[in-house]
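The values are calculated or read from the model by the stated rules, or taken from the named source; none is laboratory data. Source: prediction; values computed, not measured. No Cβ is skipped: glycine too gets one built from the backbone with ideal geometry, and neighbour counts run over all protein chains shown. Only protein heavy atoms, including side chains, enter the accessible area calculation; ligands, DNA and RNA are left aside. Shrake-Rupley method; radii C 1.70, N 1.55, O 1.52, S 1.80 Å.
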Amino acid sequence: MPRPRLHLAAIIGSTREDRSADVIADWVIDEVRRYTKDADQDDDLEVIDLAEAHLPPRHPARSTPAVDHLDARVAAADGFVVITPEYNHSFPASLKHAIDLVHEGWQAKPVGLISYGGISGGLRAVEQLRLVFAELHAVTIRDTVSFHGATACFDAAGRPKDDVGPATAMTVMLDRLTWWARALRTARTEQPYAA
């Protein structure tokens, strides 16, 4: 029996030109669709690409249409999959800026983290994002997906060369993300979250 539909948002955190995020995001989107089909769920996935969000370069004193649009998209989501590179042992400023522009929309919602980078696979960025999302009253999923030496992890068609490891990690992360998304949506419905 299908469970109530979830609205998930995948956030692409890199805004660099020639970024690896595009290949990884395409794989993530395919994997989420495969997962929801295999689980007999009708979940829907929205992609929020920060390179196309047209956010103001500085934190505005007043709201802007782009900030309002981002805020509405985050508020509408039941859970998030954040795709982040690791730059200089951290996550990109573009991602931090976008996270900081939204407040209540993150609260009492789960965040799954997918990282990529050099030898560390972006795991240092993930650990720093856990601190940021905790401050926003979001729940980060313990299980992550990481691509170490990301450019060498994918073939010319954009598929992981290891077609088992990343898919298995993604399934585990999505199992936990969707569980938390449903549980927290039920809790928010029964009693509004007070931060």
Subject >> Charge-dipole axis of the stretch 154-195 as Lys and Arg at +1 and Asp and Glu at -1 on Cβ define it, positive-most pick from A157, T178, A167 >> reply: T178
Subject >> Net length gained if the chain between R16 and A51 were fully extended (0.36 nm per residue, minus Cα distance) >> reply: 11.8 nm
Original post:
In the chain, what % of DSSP beta bridges are antiparallel (nearest 5)?
Top reply: 10
Original post:
Which FRET efficiency value, to the nearest 0.05, do you get for R62 and T189 by plugging their Cβ-Cβ distance into 1/(1 + (r/R0)^6) with R0 = 30 Å?
Top reply: 0.45
Subject >> Pair L131, A156: separation of 7 Å Cα→Cβ label points (nm) >> reply: 4.4
**OP:** Net charge near P65: determine it from the other residues with C-beta under 13 Å of the C-beta of P65, scoring Lys and Arg +1 and Asp and Glu -1.
**Re:** 0
Subject >> Rounded percent of accessible protein surface that carbon and sulfur make up, the stretch 67-154, 1.4 Å probe >> reply: 56
Subject >> Net charge over other residues, Cβ less than 13 angstrom from the Cβ of S90 (K, R count +1; D, E count -1) >> reply: +1
Original post:
How many nm is it between the label spots at K37 and D163, if each spot is 7 Å from the Cα in line with the beta carbon?
Top reply: 1.4
Subject >> Relative contact order [Cα under 8 Å, 6+ residues apart], the stretch 76-195, whole percent >> reply: 28
Subject >> Candidates T64, T15, T178: whichever shows maximal mean-square fluctuation once the chain is modelled as a Gaussian network with Cα springs under 10 Å >> reply: T64
**OP:** Choose one answer from L113, L45, L177: the residue with the largest mean-square fluctuation in a GNM of the chain with alpha-carbon springs under 10 Å.
**Re:** L45
